[in-house]
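Undergrad: Next up is a structure, given as structure tokens.
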Amino acid sequence: MDYFFNLLKNVDKACCAIVAALAVISILMIGSTQIESSGFWTRDTVVQTGSYIIGALAALLIIYIDYSRFQSISRGLYILSLVLLLSVYVPGLGVEQFGSRAWINLGFTTVQPSEIVKVLFVLVMADYLSRHRDDLYTFGQLMKCFFLAAPIILIILKEDFGSALVFAVMWAAMIFYAGINIKTFAKFMAIVAACIPLAYLVMADYQKERISAFLHPGNLSLSGNYQVWESKIAIGSGGWRGQGLFHGTQKELDFIPVMKSDFIFSVIAEELGLIGSIAIIVLFTLLMIRFMRIVLNAYDLYGALIVVGFIGMFVFQIFENIAMTMGLMPVTGITLPFLSYGGTSILGNMMALGLILDVGVKSNVINF
């Protein structure tokens with residue numbers, strides 16, 4: 001027990017404080033989306049609060065276990081990832097929501113396996129890259145690295161284009177940090193670019209509609225454009241100081257779409273204004289800076305790659321979600337980390353945080 005408390009003494013307190021602040025804001029804003037009709041404490045706010053508590057316990061457990069132990073079970077984690085992703089196709093277990101079959105029904109709730117697989121994916125790729133770093137200058141080795149990730153990305157791409165992009169960004173961030181040859185990577189990207197038309201042909205209809213909507217923002221008849229239009233109205237109506245917590249008019253009239261998850265930033269901007277929106281971005285920026293500090297001080301390459309993978313995940317999701325609400329990026333359904341509603345999403349984010357903090361703790365082991 002003394003060992004565990006010594007570990008906690010070395011945890012990055014700034015990271016914990018920032019995430020705690022984001023958690024409070026998340027619960028407040030989710031409560032705000034339903035306070036007029038159902039009151040503050042509803043199933044959604046209770047689930048979000050419970051998810052944070054469970055996520056915090058999971059993070060503590062990960063810190064206690066030591067991230068290096070996951071390296072020895074990398075193959076098992078890879079197989080588990082595929083099983084979780086394919087479970088959505090099991091009759092009676094997988095369910096379709098928001099146009100994609102990316103959830104499984106546990107009876108009392110639904111979970112999105114891809115959120116947990118993000119964590120497993122980073123652990124698997126970090127192990128592979130740390131073992132093969134010296135070979136990454138060859139195109140053949142890069143393709144082996146790609147084929148390791150491809151099954152997971154392709155399974156997710158079939159049902160969730162946004163999540164597939166997140167995985168691709170995590171993969172790219174990690175291979176860059178591992179030292180991929182730029183010319184080799186450029187050749188690979190040329191092949192990827194040539195395959196984009198083929199990828200478009202196999203996309204689901206709703207995915208094609210979202211791309212068309214982004215390319216034709218003035219056409220409100222296209223799926224997604226009306227959502228973005230209402231989102232931009234809400235953001236603009238917030239002004240500098242916002243309309244006040246729990247008092248957003250666009251939110252009260254239920255004009256903001258999917259406001260507790262995908263478009264939670266629109267609610268924040270309307271009620272807390274530009275000042276509140278900038279405060280959120282500053283919190284995220286400070287958190288990423290702390291994560292980068294952990295990368296620079298990491299004890300080993302495996303740990304550094306883990307943190308880099310999660311930085312790629314968080315940065316892309318933050319950018320895509322906020323830009324999506326302003327019409328600067330296509331609507332993809334990507335959630336805003338630590339703020340959007342979703343038990344599985346929060347749990348995955350907290351597990352990622354636990355691994356990042358664990359890497360930081362082990363780099364300060366001399367302070368025990």
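The values are calculated or read from the model by the stated rules, or taken from the named source; none is laboratory data. For clarity, every value in this text was computed on a predicted model and none was experimentally measured. Positions of Cβ are generated from backbone atoms using ideal geometry, with glycine treated the same way; all protein chains shown enter the neighbour counts. The accessibility values were calculated without ligands, DNA or RNA, using every heavy atom of the protein model including side chains. Shrake-Rupley method; radii C 1.70, N 1.55, O 1.52, S 1.80 Å.
Undergrad: Sort 171, 103, 229, 41 from largest to smallest accessible area, using a 1.4 Å probe on the heavy atoms of the protein chains.
TA: Correct descending sequence by accessible area is 41, 229, 103, 171.
Undergrad: Sticking with this structure for a sec: On the accessible surface of the chain, probed at 1.4 Å, how many percent belong to carbon and sulfur atoms? Write down the numbers at each step before the final one.
TA: Working: 11490 of 16710 Å².
Its accessible area is 69 percent carbon and sulfur atoms.
Undergrad: Over region 215-303, average the accessible area per residue using a 1.4 Å probe and give it in Å², no decimals.
TA: In whole numbers, region 215-303 has 50 Å² accessible per residue.
Undergrad: Mind grabbing the accessible area of residue 43 for me, 1.4 Å probe, Å², rounded to tens?
TA: Here the residue's solvent-accessible area equals roughly 140 Å².
Undergrad: Check cross-link reach from residue 13 to the lysines: straight Cα distance under 18 Å, and skip same-chain residues fewer than eight apart.
TA: Cα-Cα hits under 18 Å: 362.
Undergrad: Another one. Multiply the residue gap between residue 154 and residue 138 by 0.36 nm, knock off their C-alpha separation, and tell me the result in nm, one decimal place.
TA: Full extension from residue 154 to residue 138 adds 3.4 nm.
Undergrad: Residue separation times 0.36 nm, minus the C-alpha to C-alpha distance between residue 109 and residue 288: what's the value?
TA: Separation in residues times 0.36 nm, less the Cα-Cα distance, equals 61.3 nm.
Undergrad: Just reorder 146, 185 by solvent-accessible area, largest first, 1.4 Å probe, all chains present.
TA: 146, 185
Undergrad: What ³J(HN,Hα) values, in whole Hz, does the Karplus curve 6.51 cos²θ - 1.76 cosθ + 1.60 give for region 280-295 when θ = phi - 60°, with x put for Gly and Pro?
TA: Going residue by residue, I get 4, 5, 5, 4, 5, 5, 4, 5, 5, 5, 5, 5, 5, 4, 5, 4 Hz, with x marking Gly and Pro.
Undergrad: Same structure, new question: Excluding residue 222 itself, calculate the net charge of residues whose Cβ lies under 10 Å from the Cβ of residue 222, where each Lys or Arg counts +1 and each Asp or Glu counts -1. Could the numbers behind the result be given before it?
TA: On the way: positive: 210; negative: 209.
Result for the local shell: 0.
Undergrad: Can you compute the modelled spin-label distance between residue 216 and residue 80, with each label point 7 Å from Cα toward Cβ, in nm?
TA: Placing both labels 7 Å along Cα→Cβ, they lie 4.6 nm apart.
Undergrad: From the convex hull of the Cα coordinates of region 115-168, what is the mean projected area in square nanometres?
TA: So the Cα hull casts an average projection of 3.7 nm².
Undergrad: What lysines does residue 144 reach when the alpha-carbon gap must be under 24 Å and sequence neighbours fewer than 8 apart in one chain are set aside?
TA: 118, 158, 183, 187
Undergrad: In addition: Pop out the ³J(HN,Hα) list for region 81-97 in order, Karplus 6.51 cos²θ - 1.76 cosθ + 1.60 with θ = phi - 60°, rounded to Hz; leave Gly and Pro as x.
TA: Values per residue, Gly and Pro as x: 4, 5, 4, 4, 5, 7, 5, 5, 9, 6, x, x, 10, x, 10, 9, 9 Hz.
Undergrad: Something else now. Counting each DSSP H run of 4 or more residues in the chain as -39500 (n - 2.57), what helix-only mean residue ellipticity at 222 nm follows after dividing by all residues, to the nearest 500 deg cm²/dmol?
TA: -23000 deg cm²/dmol
Undergrad: With every protein chain left in place, what is the accessible area of residue 251 in Å² (1.4 Å probe, nearest 10)?
TA: Approximately 0 Å² for this residue.
Undergrad: While we're here: Give me the tail of P(r) for the chain as a percent: Cα-Cα pairs with distance above 38 Å.
TA: Details: 11746 of 67528 pairs.
It works out to 17 percent of all Cα pairs.
Undergrad: How much of residue 339 can a 1.4 Å solvent probe reach, expressed as accessible area in Å² and rounded to 10?
TA: 0
Undergrad: What does the charge count around residue 337 come to, taking other residues whose C-beta lies under 12 Å from its C-beta (Lys +1, Arg +1, Asp -1, Glu -1)?
TA: After counting each charged neighbour, the total is -1.
Undergrad: Also, quick follow-up: Taking the Cα centre of each part, how many Å lie between region 266-307 and region 169-185?
TA: 22
Undergrad: In addition: Quote to one decimal, in nm, the extra length available between residue 53 and residue 249 on full extension: 0.36 nm per residue of separation minus the C-alpha distance between them.
TA: Extra length available between residue 53 and residue 249 comes to 67.4 nm.
Undergrad: Please state the relative contact order of the chain as a whole percent: Cα pairs under 8 Å, 6+ residues apart?
TA: 28
Undergrad: Can you tally the net charge around residue 313? Count Lys and Arg as +1, Asp and Glu as -1, for every other residue whose Cβ sits under 14 Å from the Cβ of residue 313.
TA: Residues near residue 313 contribute -1 overall.
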